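A.B. asks: Quick one: the structure is below, questions incoming.
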Amino acid sequence: MRTSPVDRDPSADWAEVDEYLAQTLLPEDETLELVLDENQAAGLPAIDVSPLQGQLLSLLVRISGARRVLEIGTLGGYSTIHLARALPAGGRVVTLEQAPDHAEVARRNLERAGFGDVVDVRVGAALDTLPELAAEGGEPFDLVFIDADKPNNPHYLEWALRLTRPGSLIVGDNVVRAGRVAREEDTEPAITGTREFLTALGEDPRLEVTALQTVGAKGWDGFTLAVVR
Ligand code: SAH
Ligand code: DHB
Ligand code: MG
């Protein structure tokens with residue numbers, strides 16, 4: 001039976017159009033496909049960014065001319081590869097991952113993708129590894145991608161501000177969660193954490209901010225973009 005435009009599930013269209021756009025715009029990428037296969041074989045959840053979203057991360061690194069990138073939440077390194085491949089020669093990614101088994105898969109994937117020497121995977125809860133990173137006193141990061149446990153997002157924003165410089169870009173993933181973020185009655189910690197993160201972004205005079213809703217292969221979600229003044 002033909003469905004009328006009003007009773008179709010729009011998420012099927014989002015996925016179909018995402019597939020079409022990715023096919024049309026992105027080159028075949030055996031490295032990235034292999035990463036997703038390896039992640040699946042290792043039992044990692046398929047919560048990586050989508051191919052088009054990954055390419056957005058690459059372009060943000062490229063546009064901003066970032067040389068030093070910090071990622072909070074590595075999983076199998078799918079987003080990490082997108083960040084790393086847009087760096088200039090001598091650039092570096094530090095990526096933080098709590099789960100040792102995720103970090104191990106990521107290290108293998110990054111090595112195979114040729115970024116073993118470009119990416120530093122640090123294992124541990126990010127709220128433990130971020131102070132260590134700060135204590136090392138390295139150069140500020142030019143771009144931070146926040147994509148780990150959402151209840152800690154307000155803390156990750158504070159650390160990102162400590163570890164960046166004026167002009168740095170701070171990107172947050174999963175800030176819409178199928179609209180749940182705007183439903184006050186939804187008080188799951190991941191949602192309230194995201195809400196506090198958004199409130200902090202909106203109130204912080206050190207930041208110039210926007211958010212972008214996305215639909216596609218990963219459903220309905222969104223990113224925040226913030227530039228440090
Ligand atoms: N950025 C990845 C997806 C990350 S999924 C990509 O797009 O490919 C979120 C990751 O954050 C998971 O691997 C999870 O283990 C990790 N994580 C959860 N809590 C964390 C914490 N407290 N510190 C560091 N990593 C954490
Ligand atoms: C989840 C986490 C993510 O970072 C993501 O992009 C999608 C889903 C999750 O924990 O469910
Ligand atoms: Mg995410």
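The values are calculated or read from the model by the stated rules, or taken from the named source; none is laboratory data. Note that the structure is predicted; figures quoted are calculated from it, not measured. In this analysis, Cβ positions are derived from the backbone assuming ideal geometry, glycine residues included, and neighbour counts consider all displayed protein chains. To get the accessible areas, we keep the full protein, side chains included, count just its heavy atoms, and leave off ligands, DNA and RNA. Shrake-Rupley method; radii C 1.70, N 1.55, O 1.52, S 1.80 Å.
A.B. asks: Given the criteria open to solvent by 70 Å² or more (accessible area, probe 1.4 Å) and under 22 Å from Leu163 (Cα atoms), does Leu25 qualify? Please lay out each step first, then the result.
C.D. replies: Working: open to solvent by 70 Å² or more (accessible area, probe 1.4 Å): yes; under 22 Å from Leu163 (Cα atoms): no.
No.
A.B. asks: Can you name every residue in the range 214-224 that is surrounded by fewer than 17 Cβ atoms within 10 Å (Cβ to Cβ) and touching a Gly at 6+ places or on another chain (Cβ under 8 Å)? I'd like the intermediate steps shown before the answer.
C.D. replies: In the first step, residues of the range 214-224 are kept if they are surrounded by fewer than 17 Cβ atoms within 10 Å (Cβ to Cβ); the result is 219-220.
Hit for the range 214-224 is Trp220, nothing else.
A.B. asks: Of the numbered conditions (1) within 16 Å of ligand 1 (Cβ to nearest atom); (2) within 22 Å of Ile47 (Cα to Cα), Trp220 fails exactly one; give the number of that condition.
C.D. replies: (1)
A.B. asks: Taking the condition farther than 26 Å from Asn152 by Cα, under 17 Å from the mean Cα position of the chain (by Cα), touching a residue at least 24 places away in the same chain (Cβ under 8 Å) and within 16 Å of ligand 2 (Cβ to nearest atom), does Val35 pass?
C.D. replies: Working: farther than 26 Å from Asn152 by Cα: yes; under 17 Å from the mean Cα position of the chain (by Cα): yes; touching a residue at least 24 places away in the same chain (Cβ under 8 Å): yes; within 16 Å of ligand 2 (Cβ to nearest atom): yes.
Answer is yes for this residue.
A.B. asks: Please name all residue pairs, on different chains or six or more residues apart, with Cβ atoms under 6 Å, provided the first residue is in the range 76-91 and is closer than 8 Å to Ser58 by Cα and more than 16 Å from ligand 3 (Cβ to nearest atom) and the second residue is part of a helix (DSSP H, G or I) and not acidic (Asp, Glu).
C.D. replies: That search, which allows pairs on different chains as well, returns Ala86/Ser58; Ala86/Val61; Ala86/Arg62.
A.B. asks: Quick one: count up the residues across the range 56-72 that are open to solvent by 10 Å² or more (accessible area, probe 1.4 Å) and within 12 Å of ligand 1 (Cβ to nearest atom).
C.D. replies: 1
A.B. asks: Kindly indicate whether any position in the range 184-191 is within 13 Å of ligand 3 (Cβ to nearest atom), at pLDDT 95 or above and under 17 Å from Ile63 (Cβ atoms). Reasoning before the result, please.
C.D. replies: So in the range 184-191, the residues within 13 Å of ligand 3 (Cβ to nearest atom) come out as 190.
Now drop any that are not at pLDDT 95 or above, which leaves 190.
The next check asks that each one be under 17 Å from Ile63 (Cβ atoms); those that pass are none.
Within the range 184-191, not a single residue is within 13 Å of ligand 3 (Cβ to nearest atom), at pLDDT 95 or above and under 17 Å from Ile63 (Cβ atoms).
A.B. asks: Here's something else I'd like to know. Scan the range 47-66 and give yes if some residue there is modelled with pLDDT of 95 or more, within 19 Å of the chain's Cα centre (by Cα), within 15 Å of ligand 3 (Cβ to nearest atom) and farther than 26 Å from Asp142 by Cβ, otherwise no.
C.D. replies: No: zero hits.
A.B. asks: Six or more apart or on different chains, Cβ under 7 Å: which pairs go from a residue in the range 40-54 that's surrounded by 12 or more Cβ atoms within 10 Å (Cβ to Cβ) to one that's among the aromatic types (Phe, Trp, Tyr)? Could you list them?
C.D. replies: The qualifying pairs are Asp48/Tyr78; Val49/Tyr78; Gly54/Tyr78.
A.B. asks: In the range 180-213, how many are in a strand (DSSP E or B) and open to solvent by 30 Å² or more (accessible area, probe 1.4 Å)?
C.D. replies: Kept after step one, since they are in a strand (DSSP E or B), are these residues of the range 180-213: 207-213.
Narrowing the set further to residues that are open to solvent by 30 Å² or more (accessible area, probe 1.4 Å) leaves 208-213.
Selection size over the range 180-213: 6.
So that you can scan it fast, the table gives a plain yes or no per residue for (1) aliphatic (A, V, I, L, M); (2) more than 30 Å from Ser168 (Cβ to Cβ); (3) in a loop (DSSP other than H, G, I, E, B):
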{"residue": "Arg8", "(1), (2), (3)": "no, yes, yes"}
{"residue": "Glu33", "(1), (2), (3)": "no, yes, no"}
{"residue": "Leu56", "(1), (2), (3)": "yes, no, no"}
{"residue": "Leu75", "(1), (2), (3)": "yes, no, yes"}
